[in-house]
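Take a look at the structure below.
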Amino acid sequence: MAATGNGSLLTALQAAVGRDAVLYDADELTVYEYDGALDKARPDFVVFPRTADEVADLVRVCNRYGVPFVARGAGTGLSGGAIPVKGGVLIVLTRMNRIQQVDYLNRVAVVEPGVINIAVTEEVAPDGYYYAPDPSSQKACTIGGNVAENSGGPHCLAYGVTTNHVLALDIVLPDGTPVHVGGPAPDWPGYDLTGVLTGSEGTLAIFTRAWLRLMRQPEAVRTFLA
């Protein structure tokens, strides 16, 4: 699909997110044809939504034009989940990078998908809390990507992987419908749709907001050698 032959699609994408948030030049697209995996595939367009409404609008545009779309975070994944193997539109969520709320009483942080993993801990550490999932790329990877891949790390041996620390999600379904799943506490009544979505690698929905479980920092740490 050549951008020059899809002027109407380009116009629709720009209308959804603004002209400055759409890439279609071949040189610019090259950066987004791979992630941390070995496979490569070049998208026809790269878009950078800033809100959940813009994500929903983009998905509806792709449906209207019959164009495939793939969500992407920081591109650090090793499974090829952010590779647009059929071209189309790559929806990059890194501009949705706000920590919207921290509720220490209930030990919950509400964040957008483009928030860097370690930024959550840096935000709450002065008050004695941290976010446990810590993949090796935590200084670069995003929460949205972590949820999509069900990422782990050294702390997962004691505290579980990402799915054990995601309480609820705002998502956009493949038809552009926004949906909220989960609740403000672990083991929320009903089907565990949050658990189903976590680790789905972008095949079921695009995540636009996550409710994360925070943990208290230990009062002291000691290392023993036996």
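Per-residue Cβ neighbour counts within 10 Å put T30, T198, T76 in the sequence T30, T76, T198, beginning with the fewest. What the Cβ-Cβ distance of D27 and A140 gives, at R0 = 25 Å and to the nearest 0.05, is a FRET efficiency of 0.65. Ranking of S151, S200, S8, S79 by neighbouring Cβ atoms within 10 Å, starting from the fewest: S8, S79, S200, S151.
About the centre of its Cα atoms, the chain shows a dipole size close to 60 debye [charges on the beta carbon of Lys, Arg (+1) and Asp, Glu (-1) only; nearest 20 debye]. Phi-derived couplings, Karplus 6.51 cos²θ - 1.76 cosθ + 1.60 at θ = phi - 60°, listed residue by residue for segment 198-212: 5, x, 7, 6, x, 7, 10, 5, 9, 7, 10, 6, 9, 9, 9 Hz, with x used for Gly and Pro.
Let me know the longest stretch in the chain that avoids all chymotrypsin sites (Phe, Trp or Tyr not before Pro) found in a DSSP loop with at most 14 other C-beta atoms within 10 Å.
Excluding the exposed sites themselves, the longest stretch runs over 1-103.
Of all beta bridges that DSSP places with both ends in the chain, some 75 percent have antiparallel geometry.
Maximal additional length on extending the D53-V196 stretch stands at 49.2 nm, based on 0.36 nm per residue less the C-alpha distance. Values (i) 20.7, 64; (ii) 19.2, 59; (iii) 18.2, 68 are given for comparison; Rg and Dmax of the Cα atoms in Å, derived from the coordinates here, is the one labelled (iii).
Under the combined filter of DSSP loop state and at most 13 neighbouring Cβ atoms within 10 Å, segment 140-226 retains these trypsin sites (Lys or Arg not before Pro): R222. Here the contact order of the chain, divided by its residue count and restricted to Cα pairs under 8 Å and six or more residues apart, works out to 18 percent. Y104 label point, 7 Å along Cα→Cβ, cut-off 17 Å on backbone N: hits in segment 118-146? Label zone hits: 120-131. This ranking places V172, V70 by how few other beta-carbon atoms lie within 10 Å of each, fewest first, which gives V70, V172. Here segment 3-92 was treated as a single set of alpha-carbon atoms; its pair distances binned every 10 Å from 0 give 19, 54, 26, 2 percent. 3J(HN,Hα) along segment 23-30: 10, 8, 6, 4, 5, 6, 5, 4 Hz, from the Karplus curve 6.51 cos²θ - 1.76 cosθ + 1.60 with θ = phi - 60°, whole Hz, x for Gly and Pro. For segment 1-94, the relative contact order works out to 33 percent when only alpha carbon pairs closer than 8 Å and six or more residues apart are counted. Shape class of segment 82-156 from the alpha-carbon gyration tensor: prolate, with a/c at 1.5 or above and a/b greater than b/c.
FYI, it's all coordinate maths here, none of it is from the lab. Treat the numbers as computed from the prediction; the structure is a model and nothing was measured. Cβ: placed from backbone, ideal geometry, glycine included. Neighbour counts: every protein chain shown.
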